[in-house]
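Participant: If you scroll down you'll find the structure; I have some questions about it.
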């Protein structure tokens, strides 16, 4: 959910590239191909080298069904905004974003009711009560640090105010990037309210490099030492760490508290009035199927939302160690989706962004 410039990728071997003018006349776009399905998604599940969970799932889906997957990637907020603009000429079939943007998409009437096969194994907190979206990959909010420069990451939020981190700290933009919005959510929780969080973030701005619409672009900077710390999420950063040996995942706490995090799932929904509704349903079913869900950790470095899928691969073991001792809280996503613009406006005022 983290990229500023939208990336268009043909997700299957030899797949039809999505036209740059996707929002134009539907008749000339890839969406008009009956053997295609178009996915608008937050980033993090597609590998930089074609080795991500999406890469594997989309390739196998095309091989099984003959349906080409056309993939458009951007920030969750961007994807929702794009889908809103296209309501009169819908282009996407499936929308995958992180909270609170999936709730926002639902409130804007973008999603159709559909319960993918296997969604009965997904906990109620990880799917919409009205049946419009279901988590396809579970995830948790976190931070990354450069293990070479910082063998022990700063334990607390307060430590990040130290001059050591001036121009060596960066977080993605709330309201645009999902993980940037998540940072706002965690700060409000850890500091005990919106006002307290804004006071802190105003102070932190002295060390912040500046806005970034892409959380995914921050990890390489941390790995190279350009940054010492940045925000992120466990799934994406764990997957990145395979090629970025200096990345370490950590969870800041309030000086008087414990390390905290919260679930930040990739939630998928069928787009209302989609050009290829049947294909969209097939893809959501495929993504949530037990075989693909077992690959969530082994291939994607994430957590399966299905209660009946118990991963035991090496990645799953390492991910459990990362989360050990972290206190998990549950945000009120409906409230956050409703008041998101107010929270973002307050953040802009506090930080001068």
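Participant: Which entry in (i) 0.96; (ii) 1.06; (iii) 0.93 matches Rg/Rh (Cα atoms, Kirkwood Rh) derived from the coordinates of this structure?
Facilitator: Answer label, from the structure shown: (i).
Participant: Between helix 178-190 and the chain, what is the angle of the helix's C-alpha long axis to the longest principal axis, kept within 0 to 90° and rounded to the nearest 10?
Facilitator: Relative to the chain, helix 178-190 is tipped by roughly 40 degrees.
Participant: Extending each Cα 7 Å along its Cβ direction at residue 255 and residue 290, get the distance between those two points in nm, one decimal.
Facilitator: 5.2 nm
Participant: Ok, one more. Give me the angle, in degrees from 0 to 90, between the Cα long axis of helix 76-85 and the longest principal axis of the Cα atoms of the chain, rounded to the nearest 10.
Facilitator: 40 degrees
Participant: I want to check the label-to-label distance for residue 60 and residue 298. Put each point 7 Å from Cα in the C-beta direction and report it in nm to one decimal.
Facilitator: In this crude spin-label approximation the distance works out to 0.8 nm.
Participant: For the range 280-348, what relative contact order do you get, as a whole percent, if you take Cα pairs closer than 8 Å and at least 6 residues apart?
Facilitator: 19 percent
Participant: Counting helices only, and only those DSSP H runs with n ≥ 4, report the 222 nm mean residue ellipticity of the chain as the sum of -39,500 (n - 2.57) divided by its residues, in deg cm²/dmol to the nearest 500. Write down the numbers at each step before the final one.
Facilitator: Details: 11 runs with 119 residues, N = 353.
Calculated mean residue ellipticity at 222 nm is -10000 deg cm²/dmol.
Participant: Rounded to the nearest 0.05, what FRET efficiency is calculated for residue 120 and residue 151 with R0 set to 30 Å and r the Cβ-Cβ distance?
Facilitator: Efficiency for this residue pair is about 0.10.
Participant: Right, here's the next one. Quick check: from the Cα gyration tensor, does the range 245-353 come out rounded (a/c under 1.5), prolate or oblate? Please list the in-between numbers first.
Facilitator: Numbers: a/c = 2.40, a/b = 1.15, b/c = 2.08.
Oblate shape, in that a/c is at least 1.5 and b/c is the bigger or equal ratio.
Participant: Rounded, prolate or oblate: pick one for the range 89-145, where a ≥ b ≥ c are the square roots of the eigenvalues of its C-alpha gyration tensor, a/c under 1.5 means rounded, and failing that, prolate if a/b is larger than b/c, else oblate. Don't skip to the end; give the middle numbers.
Facilitator: Values: a/c = 1.97, a/b = 1.26, b/c = 1.56.
It is oblate, given that a/c is not under 1.5 and a/b is not larger than b/c.
Participant: Report the Stokes-Einstein translational diffusion coefficient (µm² s⁻¹, integer) for the range 226-272, Rh taken as the Kirkwood radius over Cα pairs, at 37 °C with viscosity 0.692 mPa s. Mind showing how you got there, number by number?
Facilitator: Details: Rh = 13.3 Å.
The calculation lands on 247 µm²/s.
Participant: I'd like the distance separating the alpha-carbon centroids of the range 133-189 and the range 305-325, in whole Å.
Facilitator: Here the two parts' Cα centres lie 22 Å apart.
Participant: Sticking with this one: Would you mind putting 328-335, 222-229, 299-306 in packing order, based on average other-beta-carbon counts within 10 Å, highest first?
Facilitator: The packing order, highest mean first, is 299-306, 222-229, 328-335.
Participant: What FRET efficiency do you get for residue 195 and residue 87 if R0 is 25 Å and r is their Cβ-Cβ distance, rounded to the nearest 0.05?
Facilitator: Working: r = 36 Å, r/R0 = 1.45.
Approximately 0.10, to the nearest 0.05.
Participant: Can you tell me, using C-alpha contacts under 8 Å and at least 6 residues apart, the relative contact order of the range 144-299 as a whole percent? All intermediate terms of the calculation are to be shown ahead of the outcome.
Facilitator: Details: 197 pairs, mean separation 48.0, N = 156.
Across the range 144-299, relative contact order equals 31 percent.
Participant: Please give the length that would be gained between residue 130 and residue 349 if that part of the chain were fully extended, namely 0.36 nm times their separation in residues minus their C-alpha to C-alpha distance (nm, one decimal). List each step's numbers first, then the result.
Facilitator: Details: separation 219, 0.36 × 219 = 78.84 nm, distance 3.53 nm.
Full-extension gain reported as 75.3 nm.
Participant: Give the relative contact order (percent, whole number) for the chain; include only Cα pairs under 8 Å separated by 6+ residues.
Facilitator: It comes to 24 percent, rounded to a whole number.
Participant: Report the FRET efficiency, 1/(1 + (r/R0)^6), for residue 205 and residue 307, where r is their Cβ-Cβ distance and R0 is 45 Å, rounded to 0.05. Mind dumping the intermediate values first?
Facilitator: On the way: r = 42 Å, r/R0 = 0.93.
So, using R0 = 45 Å, E works out to roughly 0.60.
Participant: Would you mind pulling out the separation of the Cα centroids of the range 43-80 and the range 258-298, in Å?
Facilitator: Cα centres, the range 43-80 to the range 258-298: 11 Å.
Participant: With labels modelled as points extended 7 Å from the Cα through the Cβ direction, what inter-label distance (nm, one decimal) is found for residue 338 paired with residue 167?
Facilitator: Going from the residue 338 label point to the residue 167 one covers 4.4 nm.
Here, each number is a calculation from the coordinates, and none is a lab measurement. This is a predicted model, so every value here is computed, not measured. Cβ sites come from the backbone with ideal geometry, for glycine too, and all protein chains shown count toward neighbours.
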